[in-house]
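*Asks:* I have a structure here, written as structure tokens, and I will follow up with some questions on it.
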Amino acid sequence: MSYLEYTVKTTPSGPGKVLHLNWPLVVLLVAVAGVGFLMLYSVAGGSLSPWAEPQMKRFALGFAVMLTVAMVPIWFWRNMSLLAYLVSLALLIAVALLGVRTRRCLITTEIDDDHLGSQTLGAS
């Protein structure tokens, strides 16, 4: 069950959903990410460009996706859960049956297929 079902008697709709988010959890997430950004800034010698800036961009994108997913009604996720499980299971089976180990040369992008198919079903 969701946090919203235990704290609110009626399900909010529209922009009012933002007020019913678990804000202490959101603040904790942003705080932990902020500490991570400071660590990356420190390791880079006071520069944002090598590590901190790309991480901040990724966090902003992930945060926006998180808020978007939070606005989707819970019944949608409940209805899609079986389908998502079956698709994930089918993809895992496909990797186990059809997956091949290939090594690509970074310069010429040639495929080294001397081990083609040797990884199928755990055969090394």
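The values are calculated or read from the model by the stated rules, or taken from the named source; none is laboratory data. Only a predicted model underlies this, so the values are computations on that prediction, with no experimental measurement involved. In this analysis, Cβ positions are derived from the backbone assuming ideal geometry, glycine residues included, and neighbour counts consider all displayed protein chains.
*Asks:* Would you check which residues across region 52-72 are surrounded by fewer than 12 Cβ atoms within 10 Å (Cβ to Cβ) and modelled with pLDDT under 95 and list them?
*Replies:* T68, V69, V72
*Asks:* Which of the residues spanning region 44-91 are hydroxyl-bearing (S, T, Y) and assigned by TED's automatic domain parsing to the domain that holds A33? Please lay out each step first, then the result.
*Replies:* The first filter runs over region 44-91 and keeps only residues hydroxyl-bearing (S, T, Y), leaving 47, 49, 68, 81, 85, 88.
Of everything in region 44-91, those that are hydroxyl-bearing (S, T, Y) and assigned by TED's automatic domain parsing to the domain that holds A33 turn out to be S47, S49, T68.
*Asks:* Which pairs turn up if I take residues in region 36-63 that are touching a residue at least 24 places away in the same chain (Cβ under 8 Å) and part of a helix (DSSP H, G or I) and look for partners that are small (G, A, S) and surrounded by 11 or more Cβ atoms within 10 Å (Cβ to Cβ) with beta carbon separation below 8 Å, at least 6 apart in sequence or on another chain?
*Replies:* Listed pairs, sorted by first residue: F59/A33.
*Asks:* Show the residue pairs that are 6+ apart or on different chains and have beta-carbon atoms under 9 Å apart, the first residue being within region 4-26 and in the same structural domain as F63 (by TED's automatic domain parsing) and modelled with pLDDT of 75 or more, the second being of a type in the set (S, T, N, Q) and surrounded by 10 or more Cβ atoms within 10 Å (Cβ to Cβ).
*Replies:* Correct list of pairs: K17/T11; H20/T11.
*Asks:* I would also like to ask the following. Could you pull out the residue among S49, S81 that is within 25 Å of the chain's Cα centre (by Cα) and modelled with pLDDT of 95 or more?
*Replies:* Working: S49 fails: modelled with pLDDT of 95 or more.
Only one candidate passes the filter, namely S81.
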